[in-house]
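Worksheet: the structure to be examined is printed underneath.
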Amino acid sequence: MSFPVDQRHLSGEFSRRDALKSFAGGALSLGAMTASLDRTAFASVAASEQLKPRPWIQIRGIYGGFPDVILKRGETPADYGINAIWVGSGGLNQKKIEQYHQLGLKVFAEYNSMHFANYLKQHPQAAPIGVDGLPSPPPHGWQGVSPFDAGYRKNRMDEFRRVLETYEVDGIWLDYHHSHASWERAEPVMPDTDFSPAALKQFQQKTGIQLPDSVPAAAKQLLGPHRDAWTQFRCDVFTDWVREYRDILNGVRPQALLGTFHCPWSSDDYEDAIRHKLSIDLPAQAKYLDVFSTMPYHARFGHPQNPAWVAEQTKSLGKLLNLKGEPGEKQQIWPIVQLADWGEPVTVDRVASVLDAGTTQPSTGVMVFHWSGVSKDWSKVDALGRFYRGIRPKS
C-alpha cells in the first residue's frame, strides 16, 4: 500500500493550505466570449456596489491561520474589515484565540474528518477498498480513510471532542468530509469506493439486498442495478458522522457553530458525482449543521475569467437548501472564495469581483482562501480590505 510522499498528509496538521503547496496544478480556461461577458458584467457590478454596505453579510473572514503579520505592521484585522478567521485544529493556540477575541474577531477551527491519513500507518485495514477488492490508490496523493472503520470513527470523534474541550473557538468546520477522491481541480479523479467487508456487510443488513461474496462481483452489482441504494446507503453513513459530531458539540460547546467546507457542485455536475462519488447529501446534513461553506474556487476549477460562477454556485446551494440569506433562517451560507493563486493565478484586479460574487445573497458571510498565499502579495490584502471595509454595515 502506498501513501502520499508529503508527510503532512500523515499528521493532524495537514490542511487545505498544505494541499495547495503540495498538489498545485493547472486549471482550464473557459471560452473567450463567455469569459469576456461575465468578466465585464461582474467588474461593472463590483465597481458600482463594492463600497456600499451589505447588511446581510455577517462574516468577513480569512482562512489559513492567525494573521499575525497584520499586528506586526502595527495594524489590526479590523483595519481591513476582517471580523473572523479560520485556523486548522492542529494550529490552534488558546492564548492567541483570546488575543484575537479581544480584537473583536470570531475564531473558527477547521477539522479534518476523512483525510487523516496518519491513521493508516498503524491501521492499514482502514484504507478505502476499490472495485478490485484492493486498497484504492490515492488520486493525486489525496489519501482518504474508510468511514466504515469503527476505530477510525472513534479516533476522529475523540479528537473532535478534545479540540472543543481544549479551545474556546466560536465554531468548528468539518473539512474533507467526503469519500476518497481528488475533486479540487478542473479535472477531478473520483474512484469508486468503499467496498470493504464492513461496508458490504452493513449494506446487506440495512437494505436486505444480498450480494455475491466476491468484491468485484459485488461492486458490479452496487454500481449497476443497486446503484441508487448503494449511493443512499453511503450518503447516510457520512450524514450519521455529522450527527455524531453535532452531538459532541452540543455536549461540550453548545454555543459554538458547526460548519462544513464542501464541494460546490450541483446534481448537474459530473452526473451527480457529489452524491454518487463523494457521498455528500447536503439536505440530509442540514439537520445538524449551522453553516455551509461551499468551496467555489473559480480559478482552480476552470473558471479563471468568470467570477460570476461563484455566485451561481451559491445560488444553486440556496435553492437546494431553501435558503435566501434572509434574517431568521436556521442555516447560513458562507462561501470560501479563491484569492490566492492555485493553478491559474488570481490577479489583484479580480479581488473585488470575486468578493462581490461571494457576498451575493443567499450568502450571509464570506471567507478568503487562503491567508498564507494572499498575504504574500500585500496589494491583494489592501484590495480585500477596501472591499470588506466598504461592505461593513454603518455603525
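Suppose R0 equals 22 Å. What FRET efficiency, 1/(1 + (r/R0)^6) with r the Cβ-Cβ distance, do Asp349 and Lys52 give to the nearest 0.05?
After rounding to 0.05, the efficiency reads 0.65.
Starting from the Cα gyration tensor of the chain, take the square roots of the eigenvalues, sort them a ≥ b ≥ c, and report rounded, prolate or oblate (rounded when a/c is under 1.5, otherwise prolate if a/b is larger than b/c, else oblate).
Prolate shape, in that a/c is at least 1.5 and a/b is the bigger ratio.
Just want the answer: with Cβ charges of +1 for Lys and Arg and -1 for Asp and Glu, which residue in Gly130, Leu164, His140 is farthest toward the dipole's positive end in segment 88-192?
Leu164
Kindly provide log₁₀ I(q)/I(0) values, in the same order as q = 0.16 Å⁻¹, from the Debye equation applied to equal alpha-carbon scatterers of segment 145-258.
Results for segment 145-258 at q = 0.16 Å⁻¹ read -0.84.
So which of Lys121/Lys201; Lys95/Lys277; Lys96/Lys324; Lys201/Lys287; Lys315/Lys376 end up more than 29 Å apart, counting from Cα to Cα?
Lys95/Lys277; Lys96/Lys324; Lys315/Lys376
How many angstrom lie between the Cα centre of segment 65-142 and the Cα centre of segment 226-288?
19
Excluding Lys277 itself, what net charge comes from residues whose Cβ is under 11 Å from its Cβ, given Lys and Arg +1 and Asp and Glu -1?
-2
When ranked by the protection proxy of mean other Cβ atoms within 10 Å per residue, highest first, what sequence do the peptides 72-82, 297-307, 93-103, 369-379 form?
Result, highest mean first: 297-307, 369-379, 72-82, 93-103.
Give me a comma-separated list of calculated 3J(HN,Hα) values for segment 384-389, in order, Karplus coefficients 6.51, -1.76, 1.60 applied at θ = phi - 60°, integers in Hz, x for any Gly or Pro.
My calculation for segment 384-389 gives 4, x, 4, 5, 4, 5 Hz in order.
Lys and Arg at +1, Asp and Glu at -1: add these up for the other residues within a Cβ distance under 12 Å of His123 and post the number.
Neighbourhood net charge equals +2.
Taking 30 Å as R0, compute the FRET efficiency from the Cβ-Cβ separation of Asp247 and Ala198 and round it to 0.05.
Once rounded, the FRET efficiency stands at 0.85.
Charges only on Cβ, +1 for Lys and Arg, -1 for Asp and Glu: so what's the dipole of the chain about the Cα centre, in debye to the nearest 20?
Result for the chain is approximately 720 debye, rounded to the nearest 20.
Between the alpha-carbon centers of segment 151-173 and segment 296-366, tell me the distance in whole angstrom.
28
On a full-extension model of 0.36 nm per residue, what is the gain between Gln221 and Tyr270, subtracting their alpha-carbon distance, rounded to one decimal in nm?
15.5 nm
At a Förster radius of 35 Å, what calculated FRET efficiency corresponds to the Cβ-Cβ distance of Lys287 and Ser379, to the nearest 0.05?
Using R0 = 35 Å, I get an efficiency of 0.25.
What lysines sit close enough to Lys380 to cross-link, taking a C-alpha to C-alpha distance under 21 Å and skipping anything fewer than 8 places away on the same chain?
Lys21, Lys52, Lys72
Testing the spin-label approximation: label points 7 Å from Cα along Cα→Cβ at Ser395 and Asp240. State their distance in nm.
Spacing of the two 7 Å Cα→Cβ label points: 5.0 nm.
List the aspartates and glutamates whose alpha-carbon lies under 14 Å from that of Lys106, not counting same-chain residues fewer than 8 positions away?
Counting by Cα, and skipping residues close in sequence, Lys106 has these aspartates and glutamates nearby: Glu98, Glu168, Asp170.
Tell me the mean residue ellipticity at 222 nm calculated for the chain from its helices only (DSSP H runs of n ≥ 4, each -39500 (n - 2.57), averaged over every residue, nearest 500).
Counting only the DSSP helices, I get -11500 deg cm²/dmol.
Run through all the Cα pairs of segment 67-119 and give the fraction in each 10 Å bin from 0, expressed as whole percent.
22, 49, 19, 10, 0
Provide the convex hull volume over Cα atoms per residue for segment 265-342, in Å³.
103
Values quoted throughout were computed directly from the atomic coordinates according to the rules given, and no laboratory measurement underlies them. For clarity, every value in this text was computed on a predicted model and none was experimentally measured. Please note: Cβ atoms are built from the backbone with ideal geometry, for glycine as well, and neighbour counts cover all protein chains shown.
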